[in-house]
Each structure stands twice: as structure tokens, then as C-alpha cells.
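Before any comments, here is the structure.
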Amino acid sequence: MNVIKILEYVFLGIIQGFTEPIPISSSGHLLIFKKLFNFDMLNDINFEIIVNFGSFLAILFLYRKEIIKIITDFFGFIKTKKQCYKENYNYAWLIVIGTIPAGILGLLLKDKIDLISDNVKLVGIALLITACALFLIKDMKGKKEKKELTYVDALVVGLFQAVALFPGISRSGATVVGAMTRDFKRPAAVNYSFMLYLPISVATMVLGVKDLIETPGIGQLVLPYTFGMIASAIITYFSAKWFIDIMKKGKLGYFSLYCLIAGILVILFL
């Protein structure tokens with residue numbers, strides 16, 4: 001594989017990394033840029049799994065201290081029943097519950113979703129839907145802190161995340177919108193959104209491992225996949241930190257405008 005082809009994979013890794021944490025759909029943008037530049041990618045789905053894993057590593061690193069605290073407090077409460085561990089014990093279950101809808105829907109509709117995953121016009125329509133949803137919640141501030149979240153909140157946000165399985169619907173956008181409709185404060189909304197991303201990303205990787213290993217000619221793809229994953233991980237880290245800051249300032253309106261313009265352009269010209 002020549003250098004130009006490797007750079008194509010790196011470029012798409014950067015696109016994945018930048019768009020994964022922010023509410024504009026990473027999968028949709030990967031498809032848009034592949035169509036826009038006429039990239040002839042080998043094994044698209046496997047590549048998307050790999051660069052998504054790069055994003056997973058970045059979010060895991062960004063939230064490493066909180067994740068360790070959640071895990072240790074979860075088992076600490078099981079063992080001792082001390083109240084100092086209970087908040088994170090409950091939060092761990094909220095993450096589990098919020099993951100279930102997307103997990104079930106993903107298993108039931110995987111084949112159907114794969115069939116429409118390369119339809120760029122649907123991505124354009126989905127971007128318009130995302131634009132409308134972000135516009136509706138752009139001025140919401142919310143009142144609920146992390147410790148005040150309920151199982152109903154988790155299930156509702158989880159259902160919003162399940163909708164994001166369809167091409168062009170932003171996962172981070174859907175979960176943030178779902179959280180804000182449940183009166184989450186902005187920092188709590190973005191925190192929970194990223195927490196829900198981690199198990200979904202792991203499940204996607206695990207389910208794709210078999211196909212990845214059995215891919216014909218996988219040897220020639222190791223290098224471009226690796227560079228794409230590294231690019232995705234680095235860019236995701238900085239993009240996520242930027243989005244956290246954007247959420248604190250409540251400037252989701254910019255993303256709404258972008259999705260509106262991008263959606264219209266995609267529908268008209270791609």
C-alpha cells in the first residue's frame with residue numbers, strides 16, 4: 001500500500017477523532033468525506049471499528065480518574081455498604097441501564113442498519129434532524145446534578161442513544177439532547193454522554209473482532225489501520241476537551257447551525 005493511501009486512512013482517522021465527541025455525527029462525516037474525495041477504502045466497516053477504538057482510548061484516558069473511582073466505589077459499596085460509595089455505585093448502574101437500549105436495537109437491526117449505512121442522502125437528512133434537536137435544547141441549563149439522576153433518566157437517554165445507531169444521527173448529540181430534556185445540568189449531560197460511549201464502543205469492537213481477523217489481506221491493512229487509529233485517538237482527546245468547554249458555555253447553537261448547513265449541502269450536492 002502506497003503512502004498516498006496510508007494518508008487517506010490517516011485523514012479519515014482525523015475526521016473520526018474530531019467529529020466523534022462533538023454533536024455532528026462521526027460516521028456521517030466519514031461517509032461524506034469518502035464520497036467527497038472519492039476515497040476507495042478497503043473494508044470500510046472494519047476501518048470504522050478501528051478508528052472508533054482510537055476514540056475510545058482517548059475518552060478512556062480523559063476520564064481515567066473518574067472511571068477508576070466509579071469502579072472502585074461500585075465494588076466498595078457491594079463489599080461494605082458504606083454510603084460514601086453509594087453515589088458512584090448508583091452511577092455505574094445508570095451507565096449500564098443507559099447502554100441497554102442501543103445494545104438491544106443494535107443486535108436486532110444490525111443488518112438493516114448496515115444496508116443503509118452508505119446512503120449519503122440519509123446522512124444529510126439526519127444532519128437536519130440533529131440541527132433541529134440541538135436548536136431546541138441550546139438554551140437549556142438544567143438543574144440535576146450527577147447524584148440526582150434516576151433510572152428513568154438513564155433509560156430515556158439510552159433510548160436517544162439507540163436512535164443514533166442510524167447513519168448521520170450524532171451519538172453525542174442524541175445523548176446530550178436526551179439528557180437536557182431530562183433536566184440534566186450541562187456538565188452532567190456531557191459527562192453521562194461520554195460514560196455511555198465507553199461500553200457501546202467496547203461492544204462494537206468485540207462484535208467486530210471476528211470479522212476483522214477473518215478479513216482477506218488484513219496484513220496489508222495493519223499499517224494504515226494503526227496510523228488511522230493513532231490519529232483518531234489524538235484528535236479525539238483534544239476535540240472532547242473542547243466540547244466539554246463548549247457545553248459549559250452553552251454554545252450548542254453553533255453546532256445546530258453547522259448541521260443545518262452541512263445537511264442542506266449534502267442533500268443538494270452529494
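The values are calculated or read from the model by the stated rules, or taken from the named source; none is laboratory data. Small disclaimer: the values here were computed from a predicted structure and weren't measured. Backbone-built Cβ (ideal geometry, glycine too); neighbour counts: all protein chains shown.
Before moving on, here are some points about what is shown:
- Answer residue from the range 104-143, given it is crowded, with 16+ Cβ neighbours inside 10 Å and not hydrophobic (A, V, I, L, M, F, W, C) and is nearest to Ile264 (Cα to Cα) among those: Gly124
- Of the residues Lys86, Lys112, the single one that is part of a helix (DSSP H, G or I), within 24 Å of Ala189 (Cβ to Cβ), basic (Lys, Arg) and free of Cβ contacts under 8 Å to residues at least 24 places away in the same chain is Lys86.
- Filter pass, Ile100 being among the aliphatic types (A, V, I, L, M), more than 29 Å from Ala188 (Cβ to Cβ) and touching a Gly at 6+ places or on another chain (Cβ under 9 Å): no
- Applying the criterion of being assigned to a loop (DSSP other than H, G, I, E, B) and not basic (Lys, Arg) to the residues of the range 158-190, the residue that is nearest to the chain's Cα centre (by Cα) is Ser170.
- Some residue of the range 188-202 being more than 23 Å from Val51 (Cα to Cα), hydrophobic (A, V, I, L, M, F, W, C) and either in contact (Cβ under 8 Å) with a residue 12 or more places away in the chain or touching a Ser or Thr at 6+ places or on another chain (Cβ under 9 Å) (or both): yes
- Number of the exception - Lys146 against (1) over 17 Å from the mean Cα position of the chain (by Cα); (2) more than 19 Å from Met247 (Cβ to Cβ); (3) buried (at least 16 other Cβ atoms within 10 Å of the Cβ): (2)
- Some residue of the range 221-235 being under 14 Å from Ile24 (Cβ atoms), small (Gly, Ala, Ser) and surrounded by 14 or more Cβ atoms within 10 Å (Cβ to Cβ): no
- Residue match in the range 196-210 (condition: out of contact with any Leu (no Cβ under 8 Å at 6 or more places or on another chain) and among the aromatic types (Phe, Trp, Tyr)): yes
- Of all the numbered requirements in (1) without any contact (Cβ under 8 Å) to a residue 60 or more places away in the chain; (2) of a type outside the set (Ser, Thr, Tyr); (3) out of contact with any Ser or Thr (no Cβ under 7 Å at 6 or more places or on another chain), Val157 misses one, and that requirement is (3).
- Any hit, the range 23-44, residues being at pLDDT 90 or above and farther than 23 Å from Leu270 by Cα: no
- Answer from Leu221, Leu212, Leu155, Leu196 - the residue that is within 11 Å of the chain's Cα centre (by Cα) and in a helix (DSSP H, G or I): Leu196
- Residues located in the range 243-252, provided they are surrounded by 13 or more Cβ atoms within 10 Å (Cβ to Cβ) and assigned to a helix (DSSP H, G or I): Phe243, Ile244, Ile246, Met247
- Filtering the range 151-210 to residues that are among the acidic types (Asp, Glu) and at pLDDT below 95 leaves nothing.
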